[in-house]
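This report refers to the structure that appears directly beneath it.
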Amino acid sequence: MNKKVRVLLIGAAFSADLHMDGYARCTDIAEVTAICDKDVSRVEALAERYGLRNYKVYDNYEKAIAEADCDIADICMPNFLHCDAAVAAFKKGLHVISEKPLSTTVEEAARMVEAAEKAGKKLFYAEDWLFAPAMNKALAVIKEGGIGKPLYIRARECHCGSHSPFAQTLKYCGGGCMVHLGIHPVGFMLALKEGSWTELVAMTSGGAETNLVHKQMEGEDWSACMIKFEDGTSALLEANYVTTGGMEDVIDIYGTEGCMHIDLTFSSAISCYSMPGLSYTVEKAEITTGWSKPAVDEKFNLGYVGEIRHFMECCLKNQDAKTGLRGIDGLEALKVVNLIYKSAREGIKIVNPKLISKQRGSSYCEK
Ligand SMILES: NC(=O)c1ccc[n+]([C@@H]2O[C@H](COP(=O)([O-])OP(=O)(O)OC[C@H]3O[C@@H](n4cnc5c(N)ncnc54)[C@H](O)[C@@H]3O)[C@@H](O)[C@H]2O)c1
């Protein structure tokens, strides 16, 4: 491989902007050589924002994958397109970054993992929480025994609703807020506990008419899951679209000898009172007047910069990403989200099928 990883960015809107910021900060090892979006004006706007020159523009991802001069395809398109684009990229012999969730169904996510294995290429799963500097500091505190043994963790991603029209339908999104936002706390907890969950029980608002606010949305707009792990730790994982005032990415960790509160969104060093309003404060804030905590380097603090550099380094070394950031981790997170939906739908507690099949056959549900 060349000294720099050549990147084909597919999708040029919200998440592509998050990734572009990462590429712009690792030009020593990566260069974006092509960008694809069915709306070419978005490609041009994105490139303009980051001062990108000498890149190819595509409006069709199949053509882009077939023709672009690149080593990796970075998929920032809606969830229902991840599988098709990833499989095509692996056939071309590229590595792949997939945004979360890995896909809309477990079957498609498994196809992506299989296609990577068959091609001998890497599938990187973009779970940015694992690169948030505050999160890594918190994990270091746990590792040094600073709060004793963690007993209970509460983790949530919540805001007022997705900006993207595809997030409104089950077919294009794969669910509501739990698959779209809750996949972060789910993926984070699974990475922390190396997948060793034992049982879970969940509730959701149910979708459409039964939703709290977003009646036009097919998926749920409120969800919560209690989950237990083999080491006795338990967690409450939450996602909702009924939270006003900006996105909440919050984790509370209670240990035998202390506790920690991590706030990825509102922990800015700036408090500002503005009567005219600011151009931007934090992600998904509806208004910017009055008191706010304007984010300082939001993309860095949410983990996107570290995530992109890590994937580029792995790509250069042809090695897997860290735990929580591999294709198989994205697949596991999606499996758990689907079990959360099953628990909520059927009103049952779910026991980890891997543990159950070890103990007593194949059924994994308990009333
Ligand atoms: N990690 C995070 O925090 C985070 C944040 C936001 C979104 N995401 C994920 O990123 C992915 C994209 O979401 P988004 O918010 O960027 O959506 P978006 O709607 O802002 O952007 C998607 C882009 O894909 C383009 N597109 C759609 N169909 C296409 C096609 N057939 N060919 C080429 N381009 C096509 C659209 O024109 C659009 O510009 C989703 O999987 C989402 O879950 C992750």
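A few points about this structure:
- Among 332, 127, 48, the sequence by solvent-accessible area, most first, with a 1.4 Å probe is 48, 332, 127.
- Nonlocal amide H pairs with residue 13, under 5 Å, H built at 1.01 Å: none
- Across the accessible surface of the chain, with the other protein chains kept in place and a 1.4 Å probe, carbon and sulfur atoms take up 53 percent.
- Ranked from largest to smallest solvent-accessible area, with a 1.4 Å probe on the protein heavy atoms, 222, 291, 129 come out as 291, 222, 129.
- The packing ranking of peptides 148-157, 344-353, 168-177, highest mean first, is 168-177, 148-157, 344-353, where packing means the average number of other beta carbon atoms within 10 angstrom of each residue.
- Placing unit charges on each Cβ (+1 for Lys and Arg, -1 for Asp and Glu) gives region 5-129 a dipole about its Cα centre, and among 41, 79, 7 the Cα reaching farthest toward its positive end belongs to 7.
- Rounded to whole Å, sorted largest first: equivalent-ellipsoid semi-axes of region 165-274, Cα gyration tensor: 26, 22, 11
- When the chain is treated as a GNM with alpha-carbon contacts under 10 Å, the residue of 263, 128, 71 showing the greatest mean-square fluctuation is 263.
- Efficiency of FRET between residue 257 and residue 323 - r from beta-carbon atoms, R0 22 angstrom, step 0.05: 0.30
- The distance between label points at residue 14 and residue 213 comes to 1.4 nm (points 7 Å beyond Cα on the Cα→Cβ vector).
- The charge dipole of the chain, taken about its Cα centre with unit charges on the Cβ atoms of Lys, Arg (+1), Asp and Glu (-1) only, comes to about 780 debye.
- For region 5-129, alpha-carbon Rg relative to the globular expectation (2.2 N^0.38 Å, N residues): 0.97
- Average accessible area per residue (Å²) across the chain - probe 1.4 Å, nucleic acids and ligands excluded: 44 Å²
- In the chain, a dipole from Cβ-located charges (positive for Lys and Arg, negative for Asp and Glu) runs towards its positive end, and of 152, 275, 176 it is 152 whose Cα lies farthest in that direction.
- Spatially proximal lysines relative to residue 215 (Cα-Cα < 19 Å; intrachain offsets below 8 disregarded): 171
- Packing here is the average count of other Cβ atoms within 10 Å per residue, and on that basis the peptides 236-242, 183-189, highest first, run 183-189, 236-242.
- Applied to region 79-92, the Karplus parametrisation 6.51 cos²θ - 1.76 cosθ + 1.60 on θ = phi - 60° returns per-residue 3J(HN,Hα) values of 3, 6, 9, 4, 5, 4, 5, 5, 4, 5, 5, 5, 4, 6 Hz, with x for Gly and Pro.
- Global form of the chain, assessed from the alpha-carbon gyration tensor, a/c cut-off 1.5: rounded
- Region 5-129 - charge dipole about Cα centre, Lys and Arg +1 at Cβ, Asp and Glu -1, debye rounded to 20: 260 debye
- Potential extension, residue 274-residue 316 segment - 0.36 nm per residue separation minus Cα distance: 10.5 nm
- Beta bridge orientation in the chain: antiparallel %, DSSP, nearest 5: 55 percent
- In a simple Cβ point-charge model (Lys, Arg +1; Asp, Glu -1; nothing else charged), region 45-117 has a dipole of about 220 debye relative to its Cα centre.
- Here the peptides 6-12, 93-99, 199-205, 23-29 are ranked by packing, the mean other Cβ count within 10 Å, and the order with the highest first is 6-12, 93-99, 199-205, 23-29.
- Three-way shape label, region 5-50, alpha-carbon gyration tensor, a/c 1.5: prolate
- Cα-projected label distance for residue 267 with residue 152, points at 7 Å along beta-carbon direction, nm: 2.2 nm
- Highest-fluctuation residue, 182, 290, 330 considered, GNM on the chain with Cα pairs under 10 Å: 290
- Calculated FRET efficiency for the pair residue 38/residue 66, C-beta based, R₀ 22 Å, to 0.05: 0.85
- Of the listed residues 3, 354, the order by accessible area with a 1.4 Å probe, largest first, is 3, 354.
- Residue of 311, 80, 14 that the Gaussian network model of the chain assigns the largest fluctuation, springs spanning Cα pairs under 10 Å: 14
The values are calculated or read from the model by the stated rules, or taken from the named source; none is laboratory data. The structure displayed is predicted, hence computed values, not measured ones. Cβ: placed from backbone, ideal geometry, glycine included. Neighbour counts: every protein chain shown. Ligands, DNA and RNA are stripped out before the accessible areas are found, and what is left, the full protein with its side chains, is counted by its heavy atoms. Shrake-Rupley method; radii C 1.70, N 1.55, O 1.52, S 1.80 Å.
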